[in-house]
Amino acid sequence: MREKEVGIAAFGEFSGTEFSDELLKSSGYRPIGYGGCDKVKIIAQESIEVIDCFEESRFTVLPMKIDKICFVMAAAHLVDRMSSADPEPRLVDIRKMMDVIHGYENELSIKRTIVMGDLNANPYDKELLLPNAFNAMLFKGIVRNKTGRTWCGNEYPFLYNPTIHWLSEELENYGSFYYSGDCTNPIWNCYDQALVSPELMDRINSYSYLKKIGDEDLITKVRPNSKISDHLPLLVDIDLS
């Protein structure tokens, strides 16, 4: 976080990780939340104001403010696919989370929203695409021409999913989670993603799955070093101004 000057960080499966108050304060960070979310830990720069906080076990939604700029930041760690290949448990939490997000957007007149975390689904999976889930469109041209999708008589606003735009063979930016046990699996999976409201889709400066932090290599042979984490961290640079 210090090296990349990260503003907000979300940690999933963080049990056993020590977040020292002394270390955080000396680096200008603080933990966010009241302990109601046991799957995600949020750390933010001291300068970022928290307007409100909604927590459930698997997600946190935070209206926040930097200077005069208000935005909604949500982070989730959804049910893993080993526990449930069926998307329904993930969809339950997604729908709850999106209801809270839309509530804050409407109540506080906020148009800048970021949803991030271990979603345990790839960009083309139904959890990302269903209108009454994330409704995360992959193509800017669609989002520019349409504000959302009408489905079953209801209008659902788009989020934009930048993930596939930033995947790169040249830079070997493939994904965050490596799994080769299923012959129909892409092996590198993009389970960790950041979705943004249309107002932010042209403000993404970079989006990368980190394979090294400082001198620490996060890859062993071809996959993430599970002694550190079985997922690679996702670093996203977004201009909120």
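The values are calculated or read from the model by the stated rules, or taken from the named source; none is laboratory data. None of these values were measured; they are calculated from a predicted model. With ideal geometry, Cβ positions are generated from the backbone for all residues, glycine too; neighbour counts draw on all protein chains shown. Ligands, DNA and RNA are stripped out before the accessible areas are found, and what is left, the full protein with its side chains, is counted by its heavy atoms. Shrake-Rupley method; radii C 1.70, N 1.55, O 1.52, S 1.80 Å.
Only the Cβ atoms of Lys and Arg (+1) and of Asp and Glu (-1) were treated as charged; on that basis the dipole of region 96-230 about its Cα centre amounts to roughly 280 debye.
Computed in the context of the full set of protein chains, the accessible area of the chain at 1.4 Å probe radius has 49% of its extent on carbon or sulfur.
Measuring between alpha carbons in the structure, the pairs from LYS39/LYS65; LYS126/LYS212; LYS4/LYS25; LYS39/LYS96; LYS111/LYS140 lying more than 26 angstrom apart are LYS126/LYS212.
Calculate, in nm to one decimal, what ASP67 and VAL50 gain on full extension: separation in residues at 0.36 nm each, minus their alpha carbon distance.
5.0 nm
Sort region 169-227 into rounded, prolate or oblate with this rule: let a ≥ b ≥ c be the square roots of the eigenvalues of the Cα gyration tensor; rounded if a/c is under 1.5, and if a/c is not under 1.5, prolate when a/b is larger than b/c, oblate otherwise. Taking the square roots of the gyration eigenvalues as a ≥ b ≥ c, region 169-227 is oblate.
For region 84-213, the Kirkwood hydrodynamic radius from C-alpha pairs, put into Stokes-Einstein at 10 °C and a viscosity of 1.306 mPa s, yields a diffusion coefficient of 101 µm² per second. Rg over Rh for the chain works out to 0.94, both radii taken from alpha-carbon positions and Rh defined as the Kirkwood radius. Calculated accessible area for the chain comes out at 54 Å² per residue, all protein chains present (probe 1.4 Å; ligands, DNA, RNA ignored). Considering only ALA75, PHE54, SER15, whose Cα is most displaced toward the positive end of the charge dipole of region 1-91, charges sitting on Cβ of Lys, Arg (+1) and Asp, Glu (-1)? Working it through, the farthest residue towards the positive pole turns out to be ALA75. Relative to the Cα centre, the charge distribution of region 176-241, modelled as +1 at Lys and Arg Cβ and -1 at Asp and Glu Cβ, gives a dipole magnitude of about 300 debye.
In region 18-125, which trypsin sites (Lys or Arg not before Pro) fall in coil by DSSP and have 13 or fewer other Cβ atoms within 10 Å? Mind showing how you got there, number by number?
Values: sites: LYS25, LYS39, LYS41, ARG58, LYS65, LYS68, ARG81, ARG90, ARG95, LYS96, LYS111, ARG112; in loops: LYS39, ARG58, LYS68, ARG81, LYS111, ARG112.
When the trypsin sites (Lys or Arg not before Pro) of region 18-125 are filtered for loop state and at most 13 Cβ neighbours within 10 Å, LYS68, LYS111 remain.
Rounded to the nearest 20, the size of the Cβ-charge dipole of the chain about its Cα centre is 480 debye, with Lys and Arg at +1 and Asp and Glu at -1. Given springs between every Cα pair under 10 Å in a Gaussian network model of the chain, which of SER197, SER176, SER168 has the largest fluctuation? Comparing SER197, SER176, SER168 in the GNM, the peak value goes to SER168. Other residues lying with their Cβ under 13 Å from the Cβ of TYR174 contribute a combined charge of -2, Lys and Arg counting +1, Asp and Glu -1. Remark on region 1-100: Rg and Dmax equal 14.5, 44 Å (Cα only).
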